[in-house]
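Everything below concerns the one structure shown next.
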Amino acid sequence: MQLPAELYHFLAFAISLAFVWWSTPLVRKMGLKTGLVDRPDERKVHERPMVRLGGVAIFGGTMLALLVVWLLGGFGGLPPQREWEVWGLILGGIAFFAIGLGDDLFNLSPIFRLILQVICASLAWWAGVRIDFLSIPFTGLINMGWFSLPLTILWLVGMVNAINWIDGLDGLAAGVCGIASVVMLILSLFMEQPAAALIAAALAGSALGFLRYNFNPAKIFMGDGGSYFMGFTLAGVAAIG
């Protein structure tokens, strides 16, 4: 049975928010037990060890919400090109989360991480998560052609690292991502891009649910896994929506 479109977006938001709200304390407890913490030093703002695995809860909440909505038929009726874009965005988000989580666990080198990011962004472009044109005031639309590839890579990788750089301040990365996701949700609905709107709704729920534990004084950071996942997903929704 097909549900009203508005209900799918509400479910995506509510499921992700509830899951992150419930699971973040469990992730924090696990991080403290295993010693997977970000320790204070002269370059850090926080004054005590902080668990940096909040991205596990954010990723889990977003994926669970999208899975439930998909099983209920929320992504039904998409044309093949849109299906490719959605799969490219979801699989790309999984790949970027894996890169970030790998860095959280094993401290990967910056160059290695950048190479992996460029490869994953290139594969996402191939799947349809791409910037095909730019809108220039007083000029109109400019088709990017093959220049779409480097521009898309710059956009996706740039957003990923921008969110990662602001994760060290309490509530900043989660707050920015939450606000941006809500804006993307509204814009995607106005532009009649329901798949992008569903992904934005799930991401908004995860970001706002995580804020409960990330407000000053923060109890946990989202880490590279969370910031990479949220940065890529936000940039990808902007590209396809």
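When the alpha carbon gyration tensor of the chain is reduced to an equivalent ellipsoid, its three semi-axes come out at 29, 22, 15 angstrom, largest first. Every Cα-Cα pair of the stretch 10-138 was included, and the share exceeding 17 Å stands at 70 percent.
Across all C-alpha atoms in the stretch 69-146, the radius of gyration and Dmax reach 16.5, 49 Å. Taking 0.36 nm per residue of separation and subtracting the Cα-Cα distance, full extension of the segment from VAL118 to PHE138 would add 3.9 nm. Modelled spin-label separation between ALA18 and ALA162, with each label point placed 7 Å from Cα along the Cα-to-Cβ direction: 3.4 nm.
A cut-off of 5 Å between modelled amide H atoms, ignoring neighbours fewer than 5 places along the same chain, links VAL51 with ASP38, PHE221. How big is the gap, in Å, between the Cα center of the stretch 11-36 and the Cα center of the stretch 139-183? Centre-to-centre distance over Cα atoms comes out at 25 Å. Label sites at PHE106 and LEU36, each approximated as a point 7 angstrom past Cα along Cα to Cβ, lie 1.3 nm apart.
Using the Cβ-Cβ distance between ALA5 and GLN81 with R0 set to 25 Å, the FRET efficiency works out to roughly 0.80. Here the Karplus relation 6.51 cos²θ - 1.76 cosθ + 1.60, evaluated at θ = phi - 60°, turns the backbone of the stretch 163-173 into coupling constants of 5, 5, 5, 9, 6, x, 9, 4, x, 6, 5 Hz, with x for every Gly and Pro. Computed from phi, the 3J(HN,Hα) profile of the stretch 126-132 under the Karplus parametrisation 6.51, -1.76, 1.60 (θ = phi - 60°) reads 4, 7, x, 7, 8, 9, 8 Hz, with x in place of Gly and Pro. This model, with +1 at the C-beta of Lys and Arg and -1 at the C-beta of Asp and Glu, gives the chain a dipole about its Cα centre of some 540 debye.
For the stretch 177-184, the Karplus equation 6.51 cos²θ - 1.76 cosθ + 1.60, evaluated at θ = phi - 60°, returns couplings of 5, x, 5, 4, 5, 5, 4, 4 Hz by residue, with Gly and Pro reported as x. Near ILE131, the amide H atoms lying under 5 Å from its own belong to THR152; only residues 5 or more places off or on other chains count, and H is placed 1.01 Å from N.
If you take the beta carbon distance between LEU91 and LEU154 as r and set R0 to 30 Å, what does 1/(1 + (r/R0)^6) give as a FRET efficiency, to the nearest 0.05?
With a Förster radius of 30 Å, E is 0.90.
With Rh defined as the Kirkwood radius, the inverse of the mean 1/r over Cα pairs, the Rg/Rh of the stretch 107-241 is 1.00. From helices alone, the chain scores -24500 deg cm²/dmol at 222 nm; the rule is -39500 (n - 2.57) for each run of n ≥ 4 DSSP H residues, then divide by the residue total. With R₀ fixed at 25 Å, the C-beta to C-beta distance from LEU172 to ARG48 puts the FRET efficiency at about 0.85.
Every number here is computed from the coordinates shown, using simple stated rules; none is lab data. Here the structure is a predicted model, which is why all the values come from computation and not from measurement. Here Cβ is always computed from backbone atoms with ideal geometry, including for glycine, and neighbour counts include all displayed protein chains.
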